Amino acid sequence: MGARTARAARPWNVFIEGDNLEVLPALPARSVDLIYIDPPYNTGNEFAYRDDFRHGVGQGSRATRHAAWVTMMRPRLQAARETLALTGALFVSIDDNEVAHLRLLLDEVFGEDNFVAQIVVNLNPKGRQLGWGFATSHEYLLVYARDLTECRLDATSADLVNPADFPLVEADGRRLRHLPLRNTNKKFNPVTARTMHFPLWGDPGSGRVSAEPFPGSVEVLPVFGDGSPAVWRWSAAKVERQPEDVICKLIRGRRGERVDIFQKDWLHPGRRKKLRTIWPSEEIGSTDTAVAELKTLVGHVFESPKPTGLLRRIVATMPADAVVLDFFAGSGTTGHAVALLNAADGGTRQCLSINSAEPTRPGSNAARAGLTTVADITRVRLRAVAEQFGGGFEERRP
Ligand SMILES: C[S@@+](CC[C@H](N)C(=O)[O-])C[C@H]1O[C@@H](n2cnc3c(N)ncnc32)[C@H](O)[C@@H]1O
């Protein structure tokens, strides 16, 4: 049996109960492709890190609370980094309370050069109505590569491609749009990109374009809307190699009619679009939809789960056989998202979730449902996920 077959037979979801600081160092080095974590936020009310309180830095001023949080996170991030493959990446959810401190800490542990993005995630579209000030409706995702030069993260998504953005239809049924072949960025002009300012030849009747004159063609130079000289995005050689992907048209510009050249941009199968750094709740879900997802599966047993849409988008930035790790797993959203993606695309992703046996609040829905620790919540969800979507579930000892 080949290594890939053996790996595909492993369960999609594995859970380890324990303090992540003890579990992480025991994991094989460089065995993980993607880490997602949603650490406890430092709200100032109930930040309780026993280790830090024992060392006397957990209470008191705002500064000491930040210091305690960073002290809690540093060794965990250092241990987590060791588990990451050189091609891997880390995503961390964080809100305004610690984003600045976390960014500096990640610069320290992962290196500033490995910073990938700070994404704004709109999880509360109505905005927080309590208290003074703005109705905060977003938090952040900080993204770092283990090694930016090796990282396999693909920051594009097929889900964002909208067929309506490709309004034209070729005779053979293929959808496309026309994009100006001229570089619309004013930074690029005949002074800064001299070799890209050259004449092309086109016939607006037939649409044909060539780098050489042909019968019926007119000379076309790249110009901005105001008539000032511009540059092309394609070299003459590329135009000659791909004549089917360019078209000459008569257009009505600001200064009257003119002939211009356009790229035929096709909606080909498998087309993807770059992910922006603002993720709206309409695309990834919200805290409300996350609560509803959890409720459908196991009940309203956790206050602040993340939506599976957020995790599906994160996990999908890595290949379909990625090994994923979430060491602040909470209600197990990451494992749920991994199973949903595998079920949808036939992938063989695996997810290792870790959560401590933090007691649930007495009288809470979870406690009343017999789930006495958060680890019980993680377990019950990942078991329900395996029953509903397949892929299996296994519990391991630390
Ligand atoms: C903000 S929640 C994560 C929620 C999760 N993303 C979800 O969608 O349900 C943080 C979790 O970290 C767990 N936790 C806190 N300290 C931990 C530690 N030292 N080791 C393991 N888990 C810990 C808490 O029990 C809590 O469930």
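The values are calculated or read from the model by the stated rules, or taken from the named source; none is laboratory data. The shown structure was predicted, so the numbers you read here are calculated from the model rather than taken from an experiment. Reconstructed Cβ throughout: ideal geometry from the backbone, glycine too, with neighbour counts over all protein chains shown.
Among the residues of segment 128-147, write down those that are farther than 23 Å from Leu311 by Cβ, out of contact with any Leu (no Cβ under 8 Å at 6 or more places or on another chain) and either part of a strand (DSSP E or B) or not polar (S, T, N, Q) (or both). Before the answer, list the steps.
Within segment 128-147, the first condition is being farther than 23 Å from Leu311 by Cβ, and the residues that meet it are 129-135, 147.
Among the residues that remain, those that are also out of contact with any Leu (no Cβ under 8 Å at 6 or more places or on another chain) are: 129-135.
Of everything in segment 128-147, those that are farther than 23 Å from Leu311 by Cβ, out of contact with any Leu (no Cβ under 8 Å at 6 or more places or on another chain) and either part of a strand (DSSP E or B) or not polar (S, T, N, Q) (or both) turn out to be Leu130, Gly131, Trp132, Gly133, Phe134, Ala135.
Can you pull out every residue in segment 80-104 that is surrounded by 19 or more Cβ atoms within 10 Å (Cβ to Cβ) and part of a helix (DSSP H, G or I)?
Hits for segment 80-104 are Ala80, Arg81, Thr83, Leu102.
Condition first: over 34 Å from the mean Cα position of the chain (by Cα) and aliphatic (A, V, I, L, M). Now tell me which residues in segment 172-217 satisfy that.
Val191, Met196, Leu200, Val209, Ala211, listed by residue number.
Select from segment 15-58 the residues that are away from the ligand (no atom under 14 Å from the Cβ), surrounded by fewer than 19 Cβ atoms within 10 Å (Cβ to Cβ) and modelled with pLDDT of 95 or more and write down the one among them that is farthest from Ala79 (Cα to Cα).
Restricting to residues being away from the ligand (no atom under 14 Å from the Cβ), surrounded by fewer than 19 Cβ atoms within 10 Å (Cβ to Cβ) and modelled with pLDDT of 95 or more, the top hit is Ser31.
Which number in (1) among the charged types (D, E, K, R); (2) surrounded by 24 or more Cβ atoms within 10 Å (Cβ to Cβ); (3) farther than 20 Å from Pro39 by Cα marks the one condition that Asp326 misses?
Checking Asp326 against (1) among the charged types (D, E, K, R); (2) surrounded by 24 or more Cβ atoms within 10 Å (Cβ to Cβ); (3) farther than 20 Å from Pro39 by Cα, the one that fails is (3).
Among the candidates Thr373, Thr348, Thr334, single out the residue that is farther than 16 Å from Val32 by Cβ and of a type in the set (Ser, Thr, Tyr).
Details: Thr348 fails: farther than 16 Å from Val32 by Cβ; Thr334 fails: farther than 16 Å from Val32 by Cβ.
One residue alone meets the criteria, Thr373.
To keep it simple, each residue is scored yes or no on (1) modelled with pLDDT under 95; (2) over 27 Å from the mean Cα position of the chain (by Cα); (3) among the polar types (S, T, N, Q).
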position: Glu108; (1), (2), (3): no, no, no
position: Ala117; (1), (2), (3): no, no, no
position: Leu123; (1), (2), (3): no, no, no
position: Leu130; (1), (2), (3): yes, yes, no
position: Gly133; (1), (2), (3): no, yes, no
position: Arg146; (1), (2), (3): no, no, no
position: Asp154; (1), (2), (3): no, no, no
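Using the structure shown, decide if Phe302 is surrounded by fewer than 23 Cβ atoms within 10 Å (Cβ to Cβ) and either within 12 Å of the ligand (Cβ to nearest atom) or among the basic types (Lys, Arg) (or both). First the steps, then the outcome.
Details: surrounded by fewer than 23 Cβ atoms within 10 Å (Cβ to Cβ): no; either within 12 Å of the ligand (Cβ to nearest atom) or among the basic types (Lys, Arg) (or both): yes.
No, not satisfied.
Would you please name the residue that is surrounded by the most Cβ atoms within 10 Å (Cβ to Cβ), looking only at residues in segment 351-381 that are among the charged types (D, E, K, R) and more than 19 Å from Arg397 (Cα to Cα)? Don't jump to the end; show me each part of the working.
Residues of segment 351-381 that are among the charged types (D, E, K, R), as a first pass: 358, 361, 368, 376, 379, 381.
After this cut, where a residue has to be more than 19 Å from Arg397 (Cα to Cα) as well, the list is 361, 368.
Values: Arg361: 9, Arg368: 12.
Step by step, filter segment 351-381, then rank; the result is Arg368.
I'd like to verify a number: residues in segment 342-391 that are away from the ligand (no atom under 14 Å from the Cβ), within 25 Å of the chain's Cα centre (by Cα) and in contact (Cβ under 8 Å) with a residue 40 or more places away in the chain, how many?
Residues that pass the stated criteria total 9.
So that you can scan it fast, the table gives a plain yes or no per residue for (1) on the phi > 0 side of the Ramachandran plot; (2) assigned by TED's automatic domain parsing to the domain that holds Tyr41; (3) of a type outside the set (Phe, Trp, Tyr):
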position: Leu153; (1), (2), (3): no, yes, yes
position: Gly173; (1), (2), (3): yes, no, yes
position: Leu179; (1), (2), (3): no, no, yes
position: Asn189; (1), (2), (3): no, no, yes
position: Gly207; (1), (2), (3): yes, no, yes
position: Ser210; (1), (2), (3): no, no, yes
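Would you tally the residues in segment 171-204 being without any contact (Cβ under 8 Å) to a residue 60 or more places away in the chain and part of a loop (DSSP other than H, G, I, E, B)? Give the steps one after another, and end with the answer.
To start, the set of residues in segment 171-204 that are without any contact (Cβ under 8 Å) to a residue 60 or more places away in the chain comprises 171-173, 183-199, 201-204.
Among the residues that remain, those that are also part of a loop (DSSP other than H, G, I, E, B) are: 171-173, 183-193, 197-199, 203-204.
Number of matching residues: 19.
Pull up segment 315-341, narrow it to residues that are among the β-branched types (Val, Ile, Thr) and within 16 Å of the ligand (Cβ to nearest atom), then point me to the one that is nearest to the chain's Cα centre (by Cα).
First pass over segment 315-341, keeping only residues among the β-branched types (Val, Ile, Thr): 315, 317, 323-324, 333-334, 338.
The next check asks that each one be within 16 Å of the ligand (Cβ to nearest atom); those that pass are 315, 324, 333-334, 338.
Working: Val315: 7, Val324: 14, Thr333: 15, Thr334: 13, Val338: 14 Å.
Applying the filter and picking the extreme gives Val315.
This table checks each residue for (1) surrounded by 15 or more Cβ atoms within 10 Å (Cβ to Cβ); (2) closer than 28 Å to Val116 by Cα.
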position: Leu130; (1), (2): no, no
position: Gly133; (1), (2): no, no
position: Glu139; (1), (2): yes, yes
position: Asp154; (1), (2): no, yes
position: Ala158; (1), (2): no, yes
position: Phe166; (1), (2): yes, no
position: Ala171; (1), (2): no, no
position: Leu176; (1), (2): yes, no
position: Leu179; (1), (2): no, no
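Glu394 versus (1) in a strand (DSSP E or B); (2) crowded, with 24+ Cβ neighbours inside 10 Å: which is the lone unmet condition?
In the conditions (1) in a strand (DSSP E or B); (2) crowded, with 24+ Cβ neighbours inside 10 Å, Glu394 misses (2) alone.
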